[in-house]
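Beneath this line is the structure, given in structure tokens, with notes to follow.
The values are calculated or read from the model by the stated rules, or taken from the named source; none is laboratory data. Nothing here was measured: the structure is a model prediction, and the numbers come from that model. Here Cβ is always computed from backbone atoms with ideal geometry, including for glycine, and neighbour counts include all displayed protein chains. In case anyone asks, the SASA skips ligands and DNA or RNA and just uses the protein heavy atoms, side chains included. Shrake-Rupley method; radii C 1.70, N 1.55, O 1.52, S 1.80 Å.
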Amino acid sequence: MLDLTKPLNETTAIYSEGDYRDPPFECATWCTVKERGYWVSKVALGTQTGTHIDAPAHFSETGAVLEDLRLEDCIGSYCLIDIGRIPQHGFAQFLAAHYRGERILFIRALNAGVLAPEAFEALLALPPQLWVLA
């Protein structure tokens, strides 16, 4: 079992690209046990903050929304593709040799650099129901 969740706190990475930046993560006390008999926090964040799921609708106006994803679809066997350790000139051959039809494709992209178009096309040709990117 892989638990991919990360804590939300002041060190949480916030997505940014060029002049765009997602809203900052903020968590503040709303009321306390002493004041109201219970503790409540106010949380504000962008949907791209920390560990999250992007539905196809994140990139496509006609894509599926998160409500279409069942919890059962997030559990099962996976194929790990460590992009930073695979030579891009042999990427399609690596996929053909290692991908066995798993429903979940786990892609580790640490220090991967830019993925060549041919490698990206090879990934897109795979039929997993869920992609996990780290």
Quiz item: Taking the stated definitions as given, is Gly46 at negative phi and touching a helix residue (DSSP H, G or I) at 6+ places or on another chain (Cβ under 8 Å)?
Solution: no
Quiz item: Looking at (1) modelled with pLDDT of 85 or more; (2) farther than 24 Å from Gly50 by Cβ, which is the one condition that is false for Ala116?
Solution: (1)
Quiz item: For the subset of segment 10-39 comprising residues that are of a type in the set (Asp, Glu) and surrounded by 10 or more Cβ atoms within 10 Å (Cβ to Cβ), which member is nearest to the chain's Cα centre (by Cα)?
Solution: Asp22
Quiz item: Any idea how many residues of segment 78-111 are touching a residue at least 60 places away in the same chain (Cβ under 8 Å) and either open to solvent by less than 60 Å² (accessible area, probe 1.4 Å) or touching a Ser or Thr at 6+ places or on another chain (Cβ under 6 Å) (or both)?
Solution: 1
Quiz item: Only one residue in Leu71, Leu123 is farther than 24 Å from Phe25 by Cβ and surrounded by fewer than 11 Cβ atoms within 10 Å (Cβ to Cβ), so which one is that?
Solution: Leu71
